[in-house]
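Below: the structure, in structure tokens.
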Amino acid sequence: MSTMRFGGRTYRNGDLPSAVLDELVPFGRHGTSAASRAFLRSDAAGSWNRAAREIRSEAGLDLTARGWNRSRSEQEAFFLQRYRRGARSPYGDYRRYAGSTWGRVDGAAAAVPGYSNHGWGLAVDVNDFGGVGEFGNARRGAAFPILRNHGWTETEGRRVDEPWHLVYSPSADRGAGRRSAAAESRRPRRPPTIKLGSRTPRWTRLWKAFLAAERVYGANTGPSFGEELEEATRTWQKRAGIVPDGVVGPKTWFAAIEDVRPGRKGPAVKIAQEIAGLTGRHVDGVAGSVFATRWKQIQRWLGVVPDARIGDATIAALVRKA
Ligand SMILES: [Zn+2]
């Protein structure tokens, strides 16, 4: 029998009180037969619920579980179904339990009672994640990367060939603090800093077209950043209330897209499309529906009102976070 510290108290395996357990969101029916309510240790349940919501929105899959926190007697029932004292195991799987050696005679592996991660409320058995050894299951392939971001590990499941068995590791949970991979993909692109002598033709051309539309620069549309462009940049920066250093860094780029919104056209829209990470025909200088969808996504990531209008709050959040 082993013990665990959690929330300042010590617990025995398979003996977690309901006070430290939380329920898993029922995206469908947990369990294998009758409807069941599924529980894990509160931090693991919180992580599962976060991951399950993200998997529903990002991958369109509803996860349910068929195994969760397991009491000591449930662990014993499992173990006794599958292992016999002194028996020869066709699987070569032997465990020490209650002073004897037990061989697995039937079914998948089971932990020795008192030592199961299910008894800590930290293991979950996920429905439809493939049979024994089937780690290539498509649902699992779509969902596991998100679960992994939220601290769910497969090491133990791989060791016993069970694709469905995942264990929560608080130290691997990046979902609570850092943003997950799906959230990262909503991030805008950080525009490059361009200045006198820069060799970044595409962005230099974008900037020239913008300053020309703002009537502080002539018709030179070449790829190089010369003194004339530097001077025009200072002029525009003064007008925009930015330090007039002639260097086009993120702050200047973000200031240039202020007030861009659906329905607008022109070079500022094109810059906003580039910053949004749009490509090809979606970088056309016309703020249409693709522009709106993408910018709303970015605004949600930034934590500002998702209205696709690039106003003060969006600019401030971009400067801070992008
Ligand atoms: Zn399991």
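We did not get these values from a lab; they are worked out from the coordinates using the rules stated. What you are looking at is a predicted structure, and each value in this text was computed from that prediction instead of being measured. When we count neighbours, we look across all protein chains shown, and the Cβ atoms used for this are built from the backbone with ideal geometry, even at glycine.
Laid out as a table, the results:
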{"quantity": "Rounded Å value of the spacing that divides the Cα centres of segment 6-64 and segment 216-260", "calculated": "53"}
{"quantity": "Principal-axis tilt of helix 289-302 within the chain, Cα atoms, nearest 10 degrees", "calculated": "60"}
{"quantity": "Positive-end residue, segment 201-321 charge dipole about Cα centroid, Cβ charges, pick of Thr221, Pro244, Phe291", "calculated": "Phe291"}
{"quantity": "For the chain, calculated [θ]222 nm from helices alone, where every DSSP H run of n ≥ 4 adds -39500 (n - 2.57)", "calculated": "-11000 deg cm²/dmol"}
{"quantity": "Nearest-ten-degree value, helix 227-240 long axis tilted from longest Cα axis of the chain", "calculated": "70"}
{"quantity": "Sorted by Cβ density within 10 Å, fewest first, the residues Thr221, Thr200, Thr233", "calculated": "Thr221, Thr200, Thr233"}
{"quantity": "Full-stretch length increase - Leu80, Ala313 - with 0.36 nm per residue and alpha-carbon distance subtracted", "calculated": "77.7 nm"}
{"quantity": "Inter-site label distance for Thr155 and Thr279 at 7 Å from Cα along Cβ, in nm", "calculated": "3.6"}
{"quantity": "Distant-in-sequence amide H partners of Glu23 (H built 1.01 Å from N, under 5 Å)", "calculated": "none"}
{"quantity": "The chain, relative contact order [Cα under 8 Å, separation at least 6], %", "calculated": "11"}
{"quantity": "0 to 90° range, to nearest 10: angle between helix 138-149 axis and the chain longest Cα axis", "calculated": "80"}
